[in-house]
Amino acid sequence: MKNNAAADLNFFICGGAGFIGSNLTKYLYRNFPNCTVTVTVYDNLSSGSLDFFDSSLLEKISFINSDIKDLDILTDAMNSQDIVFLLAANPDIALSAIPTKITKAA
Ligand SMILES: NC(=O)c1ccc[n+]([C@@H]2O[C@H](COP(=O)([O-])OP(=O)(O)OC[C@H]3O[C@@H](n4cnc5c(N)ncnc54)[C@H](O)[C@@H]3O)[C@@H](O)[C@H]2O)c1
């Protein structure tokens, strides 16, 4: 991807409030100066935090507090995004042993 072409770029980061996601968000806003960048952070804040973003970045991002297991919300939120990053992960080994339930409206 060239970073000098004028364009709108919509980035979607699942797990964007985590360590890598928050740093990736900063990187994306810094490195496409000629583009209108929008970063949507989709995170359930289970281990991440909005404290990773300074106030100027918080004003720019679009934040959705939701779980990637909520398929309807996730699918809807990913509409019209250009690039999707999947960084959502559970760092808790004990919690990861519990069977996952994905929800979807009938
Ligand atoms: N940090 C590293 O050094 C490193 C190295 C190699 C690979 N990775 C991988 O990169 C990914 C991100 O790592 P990280 O260090 O940023 O982890 P992190 O724990 O800091 O971030 C993960 C984010 O995902 C969110 N999350 C967890 N479950 C979710 C769910 N069900 N729905 C929505 N959000 C959810 C958490 O709230 C958190 O903000 C992970 O898959 C990790 O295994 C990390």
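Each reported figure results from applying straightforward, stated rules to the coordinates on display, with no laboratory input. Please read all numbers here as calculations on a predicted model, not as lab measurements. A quick note on method: Cβ atoms are made from the backbone with ideal geometry, for glycine too, and the neighbour counts reach across all protein chains shown.
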### Task
Kindly write out, for the stretch 58-66 in residue order, the coupling ³J(HN,Hα) from the Karplus curve 6.51 cos²θ - 1.76 cosθ + 1.60 (θ = phi - 60°), rounded to whole Hz, with x marking Gly and Pro.
4, 5, 8, 6, 9, 10, 10, 8, 7
### Task
With label points built 7 Å along Cα→Cβ from the Cα atoms of Ile98 and Ala7, find their separation and express it in nm.
4.1 nm
### Message
Taking 8 Å as the Cα distance limit and 6 or more residues as the minimum spacing, I'd like the relative contact order of the stretch 7-96 as a percentage.
### Response
39 percent
#### Entry: Degrees between helix 19-31 axis and first principal axis of the chain (Cα, 0 to 90, nearest 10)
20 degrees
### Query
Could you give the length gained on full extension between Ile20 and Ala105, defined as 0.36 nm per residue of separation minus the Cα-Cα distance, in nm?
27.5 nm
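For Ser46 and Thr75, compute 0.36 nm times the residue count separating them, minus their Cα-Cα distance, and round to one decimal in nm. Before the final figure, lay out each step's value.
Working: separation 29, 0.36 × 29 = 10.44 nm, distance 2.01 nm.
Residue separation times 0.36 nm, minus the Cα-Cα distance, leaves 8.4 nm.
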### Summary
Amide H proximity to Ser66 below 5 Å, modelled H, separation 5+ or other chain, gives Asp43, Asn44
### Message
Given points 7 Å out from each Cα along the Cα-Cβ axis, report the Tyr27 to Glu59 separation in nanometres with one decimal.
### Response
2.6 nm
### Query
Rounded if a/c is under 1.5, else prolate if a/b beats b/c, else oblate: with a ≥ b ≥ c from the C-alpha gyration tensor eigenvalues square-rooted, which is the stretch 7-96?
oblate
